[in-house]
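**Student:** Sharing a structure here in structure tokens format.
The values are calculated or read from the model by the stated rules, or taken from the named source; none is laboratory data. In this text, all values refer to a predicted model and were calculated from it rather than measured experimentally. Cβ: placed from backbone, ideal geometry, glycine included. Neighbour counts: every protein chain shown.
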Amino acid sequence: MAQQANQPLPNGFTLEEYTIDRQLSLGGFSIVYLASGPDGKQVAIKEYLPNSLALRGKGEIAPVISADHQGPFRYGMKCFFEEGRSLAKLSHPNVIRVLNFFRANETVYMVMEYEHGRTLQEFIQKHQGHISERFIRGVFTRMLNGLREVHAHKLLHLDLKPSNIYLRGDNTPVLIDFGAARQTLATDQPMLKPMYTPGFASPEHYGARTDLGPWSDIYSVGASMYACLAGNAPLAADERLKKDTLAPAMMRWEGQFSDRLLEIIDWCLNLNHLYRPQSVFALQKALVETVTPPRPKDNGHWFGRIVDKLRKPSK
């Protein structure tokens, strides 16, 4: 079946005890709605609806699934449901809260808390090239608190990128839109293609994905920090494996940010997963170290050499 855009459920539609207000987003794997619960509180509802396997036309409620796609669709639905069950066990201020999950209309739905704010991606687009080191360290240190909790439950995010890091009004980060179930699907069902974002996905996301681990999410953290400085995603990992033309952060932003922050970004973006931070704790420990202000760029000029001499203690 060719890729197609599925039609969302109509505004005002009743889904179990929830009433759909409007569509929030439409992706290749799911549709997310803003809805109201029985108490009037707003929630976000994610509907499992991979557009490579199912088609829902205008005015329809249940998706149409051809006979040869029934198996992969049901397997994917099972994984999506299990993902909801796993995430519902997490209760952390930096991870999106799953409130409920249920089956209806021949598919499954995940009900989550609705957060007011904006994504880190929107923040990057608005402040391109003008994001402070203090902001980056603050947001990512707190976001990593949530990622540590995820990894502690033997889960991986696997779709970490600025558009999946939500910032509340006070810039507290929240991890949203996990990709773990999608990766599970892709391993066992060739008809369900892996879904990841080039530039943010680690080298392990490509191919057999046998080396996926916490270090894979850490690559995505490094790519997200790189995007904060560059204003866009770094070169995709599969392209880097062929010919790595990505400018290291240490070279590209020397003198504009502390050496330590730039070193951390390059550390996370190492193509060999064995040479990256192996745990979120190791990365967090590096991020909270005391910041040394960036030194003026030398570039071989006399001014830089004079600054170096001034920094040396007199005999």
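**Student:** Restricting to the stretch 237-265, what's the tally of residues that are in a helix (DSSP H, G or I) and buried (at least 19 other Cβ atoms within 10 Å of the Cβ)?
**Tutor:** From the stretch 237-265, those in a helix (DSSP H, G or I) are 237-242, 249-252, 259-265; that's our starting set.
Now drop any that are not buried (at least 19 other Cβ atoms within 10 Å of the Cβ), which leaves 237, 249, 261-262, 264-265.
Residues that pass the stated criteria total 6.
**Student:** Also: Give the residue, chosen from Val174, Val139, Val111, Val98, that is touching a strand residue (DSSP E or B) at 6+ places or on another chain (Cβ under 6 Å), aliphatic (A, V, I, L, M), over 24 Å from Ile45 (Cα atoms) and crowded, with 20+ Cβ neighbours inside 10 Å.
**Tutor:** Val139
**Student:** Hey, does the stretch 99-106 have a residue that's more than 20 Å from Thr19 (Cβ to Cβ) and either assigned to a helix (DSSP H, G or I) or among the aliphatic types (A, V, I, L, M) (or both)?
**Tutor:** Within the stretch 99-106, none of the residues are more than 20 Å from Thr19 (Cβ to Cβ) and either assigned to a helix (DSSP H, G or I) or among the aliphatic types (A, V, I, L, M) (or both).
**Student:** I need a count of the residues in the stretch 35-60 that are under 18 Å from Glu83 (Cβ atoms) and either of a type outside the set (Ser, Thr, Tyr) or not assigned by TED's automatic domain parsing to the domain that holds Asn100 (or both).
**Tutor:** Number satisfying all stated conditions: 9.
**Student:** Anything in the stretch 138-177 that is in a loop (DSSP other than H, G, I, E, B), of a type outside the set (S, T, N, Q), over 27 Å from Tyr48 (Cβ atoms) and touching a residue at least 24 places away in the same chain (Cβ under 8 Å)? List them, or say none. Write out each step before concluding.
**Tutor:** Quick first cut of the stretch 138-177, residues in a loop (DSSP other than H, G, I, E, B) only: 153-161, 169-172, 176-177.
Within this subset, residues satisfying the condition of being of a type outside the set (S, T, N, Q) are 153-161, 169-170, 176-177.
Cutting the leftovers down to over 27 Å from Tyr48 (Cβ atoms) gives us 169-170.
Of everything in the stretch 138-177, just one residue is in a loop (DSSP other than H, G, I, E, B), of a type outside the set (S, T, N, Q), over 27 Å from Tyr48 (Cβ atoms) and touching a residue at least 24 places away in the same chain (Cβ under 8 Å), namely Gly169.
**Student:** Determine whether Leu34 is under 23 Å from the mean Cα position of the chain (by Cα), under 14 Å from Val111 (Cα atoms) and at pLDDT 95 or above. Walk me through it before giving the result.
**Tutor:** Working: under 23 Å from the mean Cα position of the chain (by Cα): yes; under 14 Å from Val111 (Cα atoms): yes; at pLDDT 95 or above: yes.
Here the answer is yes, as Leu34 does meet what is asked.
**Student:** So for the stretch 114-127 (the condition being in contact (Cβ under 8 Å) with a residue 40 or more places away in the chain, touching a strand residue (DSSP E or B) at 6+ places or on another chain (Cβ under 8 Å), hydrophobic (A, V, I, L, M, F, W, C) and more than 18 Å from Ser163 (Cα to Cα)), does at least one residue qualify?
**Tutor:** No, the conditions are met nowhere in the stretch 114-127.
**Student:** Provide a single number: the residues in the stretch 162-191 that are farther than 19 Å from Arg97 by Cβ and at pLDDT 95 or above.
**Tutor:** Selection size over the stretch 162-191: 1.
**Student:** If you check Pro50, Pro72, which single one turns out to be in a loop (DSSP other than H, G, I, E, B) and either more than 27 Å from Thr172 (Cβ to Cβ) or in contact (Cβ under 8 Å) with a residue 12 or more places away in the chain (or both)? Before you say what the answer is, go through the steps one by one.
**Tutor:** Numbers: Pro72 fails: in a loop (DSSP other than H, G, I, E, B).
Of the residues listed, the single one that is in a loop (DSSP other than H, G, I, E, B) and either more than 27 Å from Thr172 (Cβ to Cβ) or in contact (Cβ under 8 Å) with a residue 12 or more places away in the chain (or both) is Pro50.
**Student:** Is it true that Lys126 is farther than 25 Å from His157 by Cα, of a type in the set (Lys, Arg) and not assigned by TED's automatic domain parsing to the domain that holds Lys161?
**Tutor:** Numbers: farther than 25 Å from His157 by Cα: yes; of a type in the set (Lys, Arg): yes; not assigned by TED's automatic domain parsing to the domain that holds Lys161: no.
In short, no.
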